[in-house]
Amino acid sequence: KLSKRLEWIAREVPEGSRLADIGSDHALLPSYLAANGVIVSGVAGEVNEGPYEAASKQVRSAGLKHVIDVRLGDGLAVIEPGEVDVITIAGMGGALIVSILEAGKSKLKGVKRLVLQPNVGEPAVREWLLANGWVLIGERILEEDGKIYEILTAVSAAESGLEPEQMYAPLVCADGREVQRELLLLMGPYLTREASDVWRTKWTWELEKMDKICAQLRLSQTEAARAKEAEYRKEMNRIREVL
Ligand code: SAM
């Protein structure tokens, strides 16, 4: 049985896709999608030997070798240009996801959809998408085992004819206040509009974390620490206004 997180990621993969799951670990996601007939072909990419072996074993024992090819390699190096139309990258930091996409740009031609689930650093992923011709078409947020995860789904601007910036125009709230682009990049343009309970919980936790950092900064009593704390406080106020 798939975790709720992987199940929600799976839902973002359209029927009939040719998928590459990068950093696939045990290849649970492509195995589930292949077993349910969602994907017509899958590549499970892994940079580390251990997970690569685990993925190979999983695909073999599930009898899915005719659908899923397990490959050892760094990021998008495991796929050929034009080979897949959907790429999933899940369960790693946003900075790593960005570096994989950046290093593999030449492999993204013809890819229609990216489904990304950064564990942290979501804003860096949104910024990369925006700067590289990808349109965020949806965001999901969920809680599982005391952790909160975001899933970002994007389509190619060239393929879809959609405008990447469209979701980042200042958002006007019911009471007339505006949520600016920078904050939408931080908190998610769809998630901010939806303002779900899980999203509110995430940002309440983030504010608590930031408050702890401020308390630490105050102990050091240097000019630099004071400036940093003021910066945090400002950011916290902006977040609170949206919540
Ligand atoms: N995607 C699965 C999930 O969401 O449950 C597994 C996540 S696991 C925490 C992250 C995996 O990414 C590890 O198995 C690691 O070996 C792999 N990984 C890290 N950097 C990678 C890279 N540059 N290319 C391919 N795989 C990578």
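Every read-out reported here was derived from the displayed coordinates using simple, explicitly stated rules and does not represent laboratory data. Being a predicted model, the structure only gives us computed values, none of them experimental. No Cβ is skipped: glycine too gets one built from the backbone with ideal geometry, and neighbour counts run over all protein chains shown.
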Semi-axis lengths (Å, descending) of the ellipsoid that matches the C-alpha gyration tensor of the range 195-242: 25, 11, 5
The range 60-111: trypsin sites (Lys or Arg not before Pro) in DSSP coil with no more than 14 other Cβ atoms inside 10 Å: K65, K109
Where only C-alpha atoms are counted, convex hull volume of the range 49-106 per residue in Å³: 98 Å³
Descending principal axes extents, the range 1-72, alpha-carbon based, whole Å: 29, 25, 19
Violating pairs (Cα-Cα greater than 30 angstrom) within the set K1/K209; K147/K212; K202/K234; K65/K112; K65/K105: K1/K209
Structure-based [θ]222 nm, the chain - -39500 (n - 2.57) summed over DSSP H runs of at least 4, per residue, nearest 500: -13500 deg cm²/dmol
Student exercise, the chain dipole from Lys, Arg, Asp, Glu Cβ charges, in Debye to nearest 20: 200 debye
Separation of alpha-carbon centers, the range 34-57 and the range 9-30, rounded to whole Å: 9 Å
Likely footprinting exposure, S31, S17, S220, fewest C-beta neighbours within 10 Å first: S220, S17, S31
Gyration tensor (Cα) of the range 45-143, equivalent ellipsoid semi-axes in angstrom: 24, 16, 13
Quotient of Cα Rg and 2.2 N^0.38 Å for the range 127-243, N being how many residues it contains: 1.23
Normalised alpha carbon radius of gyration of the chain [divisor 2.2 N^0.38 Å]: 1.11
Peptide ranges 20-28, 146-154 listed from the most packed, as the mean C-beta count within 10 angstrom indicates: 20-28, 146-154
